[in-house]
Structure formats: structure tokens, C-alpha cells
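Below: one structure, written as C-alpha cells.
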Amino acid sequence: MSGSTGLDPAHDTRTGAPGEVLVEVSGLEVHFPIKRGVVFDRTVGHVRAVDGVDLTIRRGETYGLVGESGCGKSTLGKAILNLEPPTAGSVLFDGVDIASLKGEALRRERKRFQMVFQDPMSSLDPRQTVEALLLEGMRAHGLDTDASATHTRLRELMSAVGLPPSGLKKYPHEFSGGQRQRIGIARALSVGPDLIVADEPVSALDVSIQAQVINLLQDLQEELGLTYLVVAHDLAVVRHISDRIGVMYLGGLVEESEAGELYDVPLHPYTRALMSAVPVPDPEVEDSREQILLTGDLPSPANPPTGCRFHTRCPWRQETLCDTERPQLRVVDVAGSSPGHRVACHWAEEIARGEIERHEVAPETTDESSWGAPRDDGSPFLAPDGPPVP
Ligand SMILES: Nc1ncnc2c1ncn2[C@@H]1O[C@H](COP(=O)(O)OP(=O)(O)OP(=O)(O)O)[C@@H](O)[C@H]1O
Ligand code: SF4
Ligand SMILES: [Mg+2]
């Protein structure tokens with residue numbers, strides 16, 4: 001049955017109920033080799049972009065992924081879409097390990113998950129009309145078999161993203177940034193996906209346009225039963241759009257929770273620092289709220305700290321466990337924290353109950369002067385300069 005967009009709901013709404021697991025990520029690692037040498041291409045180390053992630057994404061939900069630049073968000077998103085091969089671990093999509101599929105079986109599954117990129121200009125071929133861009137994916141997946149049906153579908157896609165059918169004959173440069181992102185969304189929708197990974201989908205857009213694109217994504221989700229993984233550094237955007245949120249630090253998830261609860265009861269010291277940087281509209285609350293400034297640079301993912309990866313910057317670091325044992329995500333017994341809320345900190349309970357005092361952290365800086373500079377867009381995350389690689 002078609003809704004007001006004219007498009008059919010995602011396949012999953014016919015085969016699986018909302019709330020069931022659609023994506024299951026287990027022990028996922030994506031390591032990139034660091035090569036050196038002109039004659040012999042020696043591998044001298046690895047960037048551990050994703051380093052042991054377990055998460056599930058349920059049908060029909062929006063899972064938000066946050067964390068500072070270089071922590072592995074995009075790599076995780078690409079690995080879920082089978083665009084980066086895993087070094088270890090697995091990604092099950094609707095119960096199937098996509099990495100094990102080949103040929104026609106892989107092609108069939110591929111159309112069920114699509115990506116929307118940050119910069120629509122660089123992800124859309126400027127030499128192709130919008131019609132050609134939309135047809136490309138449909139042809140690749142054998143969805144352009146009947147000229148009349150294709151004609152109708154192209155118009156439905158444009159209407160679904162709020163663009164006139166006359167736009168089909170135009171080129172990407174003839175559109176504004178927000179309109180180009182709508183084309184990027186239409187292209188993702190053209191093959192009828194179940195899951196869309198949107199990597200910073202609005203951060204390249206003017207603030208006034210961001211809300212329109214976010215609303216569009218939400219409307220389409222409701223109507224088509226889509227499942228989203230949204231990567232964003234703007235915590236307000238993530239909160240607005242997400243059902244659940246995962247916080248990443250140096251290749252791993254450090255906290256995961258239902259969206260509202262993460263903001264109300266942040267348990268991991270890193271999450272607390274991020275949340276403390278978000279301004280509160282109420283001036284009284286704003287004046288009295290806890291502010292935690294992180295000192296020191298994000299360590300290199302090629303040489304991550306031992307034990308808890310956050311221990312070099314953690315204001316609650318303890319003499320025992322923190323430097324030696326990597327904490328696993330676990331449910332904790334803390335007031336206001338529900339069973340779906342998991343945190344990777346040895347001392348989460350003691351910190352939440354105020355039994356451990358916050359202390360100063362001596363900054364451990366790296367040589368790279370630009371790495372770690374604040375972003376100029378007001379976000380609490382560090383500048384996207386990339387970490388130093390040895
Ligand atoms: N193809 C690659 N080869 C080598 N290293 C890579 C590659 N892609 C990413 N990396 C490195 O992996 C780490 C994680 O990168 P990723 O792009 O996933 O981070 P991110 O969280 O998306 O950052 P940003 O917020 O800046 O987009 C970084 O250190 C990055 O330099
Ligand atoms: S395990 Fe230790 S270093 Fe890591 S976040 Fe918790 S208190 Fe801080
Ligand atoms: Mg990224």
C-alpha cells in the first residue's frame with residue numbers, strides 16, 4: 001500500500017515487526033594498516049578505527065551515534081553497510097551475515113541498506129541530471145523494467161522529498177544545499193531500502209535548513225517504516241532525531257541509552273563532559289549546571305591507551321582498574337537508569353552516587369598542534385583534523 005508520498009513502505013514492515021532487531025553488530029573491529037617504505041610496502045601498525053563494538057539497531061528506530069572527530073563513527077557506519085570489510089566480528093542484517101554473501105545474493109541484499117552523505121555536492125555526480133542519478137541505483141538493482149512505472153516512480157520520489165518533477169531534468173549545481181540533500185535522500189530511497197545510514201546528514205547545511213531536512217527524514221521514516229543510523233556531532237540534532245544513542249570514544253561504545261535518559265542521566269565521564277557542554281535555555285539552570293572541560297588531546301587510535309581508553313582524560317580516573325582493564329558495556333544499578341542503559345566504566349555507580357570526587361587532569365598533549373583544537377561550530381567535539389598517526 002502506498003502512503004501520501006506514493007512510495008511503498010520499507011520491505012521490513014511487511015516481513016518483520018517494528019522493534020525487532022534489524023542489525024546486530026558483534027565484536028566488530030575495523031583496523032586500517034599503516035604502510036611505510038617506498039620499495040617495500042611494510043605494515044608498521046594499524047589504526048584501530050573501530051575496535052570491539054557490539055550494538056543492535058531495531059526495526060523502525062533511529063539510532064544516533066555521537067563522539068568526537070576520528071572516534072570511528074563513519075567507519076562503523078560503513079562497516080554496517082558492508083562498505084568496509086571487518087577485521088574481526090560480524091554484522092548481521094536481518095539475521096544474515098552480509099560479508100559472507102557474494103554475487104546476486106549480495107546485490108539483492110545491498111539495496112536494502114543505503115547511505116546519505118554529509119556533503120550532497122560531493123556525493124552527487126555533477127555531470128548527471130537528477131533523473132540519471134535516481135535511475136542509476138534503480139538500474140543497478142533491476143528496478144527499471146517498465147518505462148511507465150519508472151516514470152511514475154521518479155515523480156513519486158521527487159514528491160516524497162518535496163521537490164517538483166521539473167527538477168528531474170536539472171543538474172545538482174542548480175539546487176541549493178538543502179535541495180541537494182533532498183536529492184541525496186531521494187537517491188537512497190530510489191531502491192526501497194529498509195535501513196539508511198545518514199552520516200552527518202545536516203551538518204553541511206544552514207541552520208535554518210537543517211530542521212526541514214530533519215523533519216523530512218522523520219516524516220519518511222514514519223510513512224515508510226525506515227530504520228536509521230544517524231551519525232552527528234551536534235548533540236541537539238541527535239537528541240531530537242534519535243530513539244536511542246550510542247556514544248563512541250576511540251573506536252568503542254562507552255555508553256548507550258534511550259535518547260532522553262542519556263541527557264538526563266549521563267553515566268560515563270566522557271558523556272557527562274559532552275552533555276555539560278550543551279547550553280541549557282533556562283538561565284538559572286544554565287548558571288548552576290556542572291561544566292566539565294576535557295583537557296588533553298584525543299589519543300591516537302593507532303596507539304590507544306591501555307585499560308579504559310578514556311583514562312588519560314578522565315576526571316574520575318582511579319588508581320585501580322582504570323589503567324589496566326578495559327571496561328565492558330554493562331547495565332548499572334543507578335537511580336534513573338533503566339535496563340536498556342549500558343555504560344563502559346568501572347566506577348559508574350560510585351560516580352553517579354557522588355562517592356568518587358572529580359579531580360584535575362594533567363593534560364597529556366601530542367605534538368600535533370592542530371589536533372584537538374575546538375571546532376568553530378560551537379560543538380563540544382574536537383576539530384576534524386584527524387589524529388596523529390605514528
Ligand atoms: N581508509 C582509511 N585508511 C586509514 N585510516 C582511516 C581510513 N578511514 C578512516 N581512518 C582513520 O580511522 C579513524 C576513524 O575515522 P572515522 O572517519 O571513522 O572517524 P569519524 O568519527 O567519522 O570522524 P569525523 O567526525 O571527523 O567524521 C581516524 O583516525 C581516521 O583517520
Ligand atoms: S573506567 Fe576509570 S578512567 Fe574509565 S571512565 Fe570510568 S573512571 Fe574514568
Ligand atoms: Mg565521519
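Rounded to two decimals, the Cα radius of gyration of region 172-215 over 2.2 N^0.38 Å is 1.16. When the listed pairs Lys102/Lys170; Lys111/Lys170; Lys111/Lys169 are checked against a 30 Å cut-off, the alpha-carbon distance exceeds it for Lys102/Lys170.
The lysines within cross-link reach of Lys35, meaning a Cα-to-Cα straight distance under 23 Å and a gap of 8 or more places when in the same chain, are Lys73, Lys78.
How much FRET efficiency would the formula 1/(1 + (r/R0)^6) give for His359 and Val44, where r is the Cβ-Cβ distance and R0 is 41 Å, rounded to 0.05?
Numbers: r = 36 Å, r/R0 = 0.89.
Efficiency, from the Cβ-Cβ distance: 0.65.
In region 67-217, one over the average inverse separation of all distinct C-alpha pairs is 16.4 Å, which is the Kirkwood hydrodynamic radius. Normalised by residue count, region 138-215 yields a Cα convex hull volume of 105 Å³ per residue. Three semi-axes describe the equivalent ellipsoid of region 268-352; taken as square roots of 5 times the Cα gyration tensor eigenvalues and ordered largest first, they are 24, 18, 11 Å.
Roughly what % antiparallel, to the nearest 5, for the DSSP beta bridges in the chain? Intermediate values should be presented prior to the final figure.
Working: 31 of 48 bridges.
The answer is about 65 percent antiparallel.
Using the Cβ-Cβ distance between Ser26 and Ser166 with R0 set to 45 Å, the FRET efficiency from 1/(1 + (r/R0)^6) comes to roughly 0.45.
Sort out the exposed loop trypsin sites (Lys or Arg not before Pro) in the chain (DSSP loop, at most 12 other Cβ within 10 Å) and tell me the longest stretch that has none.
Details: sites that count: Lys102, Arg127, Arg353.
Looking at the chain, 128-352 is the longest stretch - no exposed trypsin sites (Lys or Arg not before Pro) with at most 12 other Cβ atoms within 10 Å.
Segment Glu136..Ser90, full-extension length gain: 13.6 nm, with 0.36 nm per residue of separation and the alpha-carbon distance subtracted.
Relative contact order for region 268-352: 24 percent, from Cα pairs under 8 Å spaced at least 6 residues apart, divided by residue count. Note on region 11-104: Cα convex hull, mean projected area over all directions, 8.1 nm². Extension gain, Glu284 to Val207: 0.36 nm times the residue separation minus the Cα-Cα distance gives 25.1 nm. For the chain, the Cα-based Rg and Dmax, in that order, read 21.9, 70 Å.
Coordinate-derived values only; no laboratory data. Every value quoted in this text rests on a predicted model; they were computed, and no experiment measured them. Cβ coordinates were reconstructed from backbone atoms using ideal geometry, including for glycine residues, and neighbour counts include every protein chain displayed.
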